[in-house]
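> First, the structure itself, so that you have it in front of you.
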Amino acid sequence: MKNRIIYFLTVAVCLFAFLSISFADDGAKSLFYGETTKESVEVKKTDSGTAVFSGTEMNTETIQPSTGNTAKEKQKSTAVAKPKSKASSKEIATGLSYWIEVIKPDGKVERATAESRVFKTGEHIRFVFKSNKDGYLYLLAIGSSGKGAVLFPDSRINAGNNYVTPNNEYPVPFGEKSFVMDPTPGEEKILVFFSQAEVSDINNYFSPKNKVEAQDTRVIYAFAETRGSKDILFEEDAVGAGAQPASYIVNKSNDPQGIIFREIVVKHK
């Protein structure tokens, strides 16, 4: 009985270690940059039939029918699997990165995320978006009335085309302009869509400088709920010494037709 307990505990520990190695690094940021690293695992079996994962050593006991010879009933064996080199996955999950730049009165820029910072009245801010693949970006600001204003496409960028290329930064608003936080505390909402394929169902709403009526913003929200990809992973980059704050959202399914949707909420007081 004791031997059986040891056997099951050993297998459980090895399985847990294997799963931890395989999935620990699969955050949205890692998938965005294709930096996921996984340990290559080789499964061997000892003479007792117990699975051994590479890089581990286990003493196992074989339980056999009683033969009257106690020494033969417990055959101990040790299996040492040769560790294999780490393999880095280079596949990039389709994704979008974004952050907010706060422009100080002296012209210096502070980088922040919408998820962690509360902005103050009078602060000047701009959004910056960056994709890791070619695709189409749609941005819509939603006011307290429910009406919307198209932020992207922008007639000053690509002649109003919302096609974006990977690893290029797209500031919103464009150029030296910025948004100013008004004296009314509350929340501002930005709807974000990104897809490798053009999203024909919402194209008509997203012409540069277009104003979208409240009933149409509800249609866009409904579209996001029904057509937005479900296999979405979000991660906010840790804020620390030397860090460049950013938020990452990726489509884990990597479907070229998949639509990434995110509602960014900007809080101010």
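> Of the residues K147, K108, K104, K133, only one is among the basic types (K, R) and closer than 19 Å to I249 by Cα; which?
Every option except K133 fails the conditions.
> Return the total of residues in the range 176-197 being modelled with pLDDT under 95 and more than 21 Å from A114 (Cβ to Cβ).
Residues flagged as modelled with pLDDT under 95 and more than 21 Å from A114 (Cβ to Cβ) within the range 176-197 amount to 1.
> I've got another one for you. Tell me whether the range 213-223 contains one or more residues that are surrounded by 14 or more Cβ atoms within 10 Å (Cβ to Cβ), in contact (Cβ under 8 Å) with a residue 12 or more places away in the chain and among the basic types (K, R).
No, the conditions are met nowhere in the range 213-223.
> Now a separate question. Scan the strands (runs of 3 or more DSSP E) fully inside the range 109-205 and keep the ones with 1 or more residues being closer than 23 Å to T217 by Cβ and over 23 Å from the mean Cα position of the chain (by Cα).
Those strands (runs of 3 or more DSSP E) span 124-131, 135-142, 148-152, 186-195.
> Please state which of the following conditions I190 fails to meet, knowing it meets all the rest: (1) under 15 Å from F129 (Cβ atoms); (2) without any contact (Cβ under 8 Å) to a residue 60 or more places away in the chain.
(2)
The values are calculated or read from the model by the stated rules, or taken from the named source; none is laboratory data. Since this is a predicted model, take the numbers as computed values, not measurements. Because the Cβ atoms are built from the backbone with ideal geometry, glycine has one as well, and the counts that use them run over all protein chains shown.
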